[in-house]
Amino acid sequence: MQTAPIQFEPFNALSDRDAQARIAAARAQLGQRAVILCHHYQRADVFKHADLTGDSLKLSRLASQSDAEYIVFCGVHFMAEVADILSRPEQISILPDLAAGCSMADMANRAKVERCWRELATVLNPDEQVTPVTYINSAADLKAFCGAHGGIVCTSSNAPKILAWSFGRREKVLFFPDQHLGRWSGHKMDIPMDRMVIWNPDLEMGGLTPQQIRDAKIILWHGYCSVHQMFNPGQIVRFREKYPEGKVISHPECSFEVCAQSDAVGSTETIIRVVKESAPGTRWLVGTELNLVERLAGEVKPEGKIVQFMADTICMCSTMQRIDPQHLAWTLENLAAGNVVNQITVPEHEATLAKIALQRMLDAS
Ligand code: 13P
Ligand code: SF4
């Protein structure tokens, strides 16, 4: 029976212990009707409630395979949008705190990408010469843009494969919003640095000359992740001086210089797998978000592996951090009472086109 939604206000004041107890009680009431998906950056006190965990690619596949009525996404906004797009129409995707966005995703928007496309059209024929590739860290309307223009979505675990797909169709790529993932993936495909140019959306023609656009293989949007910006090559140099036998692994959202000096580069799922599969006693320096690194350090400690965080300061995904036990308890209690709160719904016309671009990715990876 549906009642008026329970307001968040009293949940704000819940102690962590009470919030945990109420999450457990609401979950018991909901049973199989709700599935909790958690990204690897999720804080420990929420992550412990996950039914399923993964990087962005794995989570999008899991969302599309789930049978649950409610997909409670403990991640950020674009992830819950992907769950809504890929799940069945009767399933409901929920983000426990609507303020959990991704600052990098916000660095590109539909108006700016359309302007870029129009400006490119003064130099070449983008619909014949340029494949638009959006990182999954982007709003649904940008995925829809890609769907409408022969483009595709990529994640940090399949970007070089997706670039290969794209170059198989058109001679150039417009890659948004993360310049670092685009540059690293282009480098992995042996594209010279001087054929990858930066499109600054705040400047006319992206700040590029017509010749630079004609010569480019990849046009990289000027976007970045503020968390992964905190890592730098100096941190790797100091680690190697101190521990010459140590290994370094980084996320491809880090700068090119950090990736180039790492022993391995990969998505969050890859980082976890590589560290777990390494020999007992290995020491690792890890360049990605702190919640993941701290959890991984604890998990591999019994095998004598040491996992260190790359930065000297705390670098958390502060937006994902907003999904706390209080918001999860509030969300689940509402669902158990028959009230859907914080549903993420992508408008149908956008979802249809975005799904085309997502499906191309799932088929190609
Ligand atoms: P993954 O796909 O590697 O999990 O990365 C998502 C993300 O937002 C990293 O900042
Ligand atoms: Fe976005 Fe960076 Fe957070 Fe990943 S870590 S979700 S890219 S803000």
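Every number in this text was worked out from the coordinates using simple rules, so none of it is lab data. Every value quoted in this text rests on a predicted model; they were computed, and no experiment measured them. Reconstructed Cβ throughout: ideal geometry from the backbone, glycine too, with neighbour counts over all protein chains shown.
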Spelling it out for Gln308: with amide H atoms placed in the peptide plane at 1.01 Å from N, the residues 5 or more places away or on another chain with amide H under 5 Å from its amide H are Trp284, Leu285, Val286
Cβ-based net charge around Pro96, under 9 Å, with every Lys or Arg adding one and every Asp or Glu removing one:
-1
Listed residue (Ile6, Trp199, Phe73) projecting farthest to the positive dipole end of the chain, Cβ model:
Trp199
Contour minus Cα-Cα distance for Ser318 and Glu294 (0.36 nm per residue)
7.1 nm
Spin-label pair Ala260/Glu348, simplified geometry with 7 Å Cα→Cβ offset, distance in nm:
5.1 nm
Calculate, for Arg240 and Gln65, the FRET efficiency according to 1/(1 + (r/R0)^6) with r their C-beta to C-beta distance and R0 51 Å; round to the nearest 0.05.
0.75
Which aspartates and glutamates does Lys301 reach when only Cα atoms under 19 Å apart count, and residues fewer than 8 places away in its own chain are ignored?
Glu245, Glu269, Glu277, Glu289
Share antiparallel - DSSP beta bridges, the chain, percent rounded to 5:
5 percent
Counting only other residues whose beta carbon sits under 14 Å from that of Asp190, what net charge do I get with K and R as +1, D and E as -1?
+3
Relative to the present Cα-Cα distance, how much length would full extension add between Asp51 and Lys161 at 0.36 nm per residue of separation?
36.7 nm
If each of Gln211 and Ala25 carries a label point 7 Å out from its Cα toward its Cβ, how far apart are those two points in nm?
7.2 nm
Out of Ser138, Ser278, Ser267, any idea which swings most in a Gaussian network model of the chain, alpha carbons joined below 10 Å?
Ser278
Cβ-defined net charge surrounding Pro325, 11 Å radius [Lys, Arg +1; Asp, Glu -1]:
0
Please give, to one decimal in nm, the separation of the simple spin-label points placed at Lys276 and Ser103, each 7 Å out from Cα toward the Cβ.
3.0 nm
